[in-house]
Amino acid sequence: MNRLAAAVLAVLGFAAVFGVARAQDYPSHPIKLILPQPPGGAVDMIARTLADRLSEQMKQPVIVENKPGANGGIAAADVTRSAPDGYTLLVAVDTNLVVNPTLYPDLPYAPFRDFTPLSVLTRVELVLMTNPKVPVASVRELVAYAKANPGKLNYASIGLGTQQHLGMELFKLMTKTDINQVEYRGSAAAMVDLAAGQVEVMINGPSLAKPLAEAGKLKLLAVTGRQRSPYLPDVPTVEESGVPGYEVTGWFGIVAPAATPQPILDRLTGEVRKAVADQKFRDRMMAQGLEPVGSTPAEMLALMQSDTKKWADVITATGAKIQ
């Protein structure tokens, strides 16, 4: 063995020992969860519930920091600049990781280069809904009405690259319909206008849709997952309603900086999956129409890869781009 090879092995050996030593002491001070959205939304609720469980399990404070802006770019870039030591993590909306790289030309982070997946925390099937004045009672009738009235219907989105946007664009591509996009700053304003009839169609979360439907202000046509939602068991899927292969499932995950030592990643993954399996966490999620997951890192990576390709195809087909 030459001297260079011996030196390289020595450095690698030291790094491995150092990483194990750091993992044995981890965590020795508070952990930060950085979020891409302001307080009050789904990701905020998920992160704060997770933080409570992790803090109890790991005997250290877990602090939630909201850093909204640039469709998740500010929060993600902040985590990429942090030390890869397990003390700064990103709780991400799926679109931050699988849509932004295609949609934004100068994204300040690269999900597969800058982050290591830890776990998918929860997922959610969205709901395709209409204002009650739209003369349809099913997905098949919506498709027929849209084809008979091209460009007459408007759908609400909360910005380019969101599930509300891409989910409807995928629906339009698969059904060959012409429905106009109307952008809103957030779900609350969009739902108000949908209920008032200012727009006719929207895809959105079940926890927002269900109470308005029960009040007679919306019609729920279908859920967007491959299976019916236990939160809305009587609502069929878009696929079983006549659009074979259609699926839009939103998810929330947690990632660490890419250079984080493997022993710390293993510890974090185990603690996160334990927290997600906790009944208090599960009850809180299911009450909001969210399905607890707690995946492995490999499962999350595979999901990121498949969703990145899926949404890149949709974005390319629609020509959507943020300059």
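Couple of notes before you dig in:
- Taking L232, L128, L166, L90 and counting other C-beta atoms within 10 Å, the order from fewest to most: L232, L166, L128, L90
- Counted by neighbouring Cβ atoms within 10 Å, the residues E214, E240, E271 run from fewest to most as E214, E240, E271.
- With R₀ fixed at 22 Å, the C-beta to C-beta distance from A287 to R226 puts the FRET efficiency at about 0.45.
- For segment 67-150, the share of alpha carbon pairs falling in successive 10 Å distance bins from zero is 14, 34, 18, 19, 13, 3 percent.
- Note on segment 127-223: percent of Cα-Cα distances in each 5 Å bin, starting at 0 and stopping at the bin with the largest distance, equals 2, 15, 28, 29, 18, 7, 0.
- When the square roots of the Cα gyration tensor eigenvalues are ordered a ≥ b ≥ c, the ratio a/c for segment 223-323 is 1.5 or more and a/b does not exceed b/c, which makes its shape oblate.
- Cβ-Cβ distance of R113 and V182, R₀ of 41 Å, FRET efficiency by 1/(1 + (r/R0)^6): the value works out to about 0.70.
- Semi-axis lengths, largest first, of the ellipsoid equivalent to the chain are 40, 21, 16 Å, with √(5λ) applied to each eigenvalue of the Cα gyration tensor.
- Extension gain (nm, one decimal) between K152 and E56, 0.36 nm per residue minus Cα-Cα: 29.2 nm
- For the chain, the membrane-span-like helices by this rule, meaning whole DSSP H stretches whose C-alpha atoms cover at least 30 Å of axis and whose Kyte-Doolittle mean is 1.0 or above, are 3-25; this says nothing about an actual membrane.
- Cross-link table K152/K210; K32/K210; K172/K219; K32/K274; K133/K310, entries beyond 28 Å C-alpha to C-alpha: K32/K210; K133/K310
- Environment charge of F115, counting only residues whose C-beta is closer than 14 Å and scoring Lys/Arg +1, Asp/Glu -1: -1
- Two-decimal Rg/Rh across segment 258-297, once Rg and the Kirkwood Rh are taken from alpha-carbon atoms: 1.10
We did not get these values from a lab; they are worked out from the coordinates using the rules stated. Bear in mind the structure is a predicted one, so any value in this text is a computation, not a measurement. Glycine also receives a Cβ, built like all others from the backbone with ideal geometry; neighbour counts cover every protein chain displayed.
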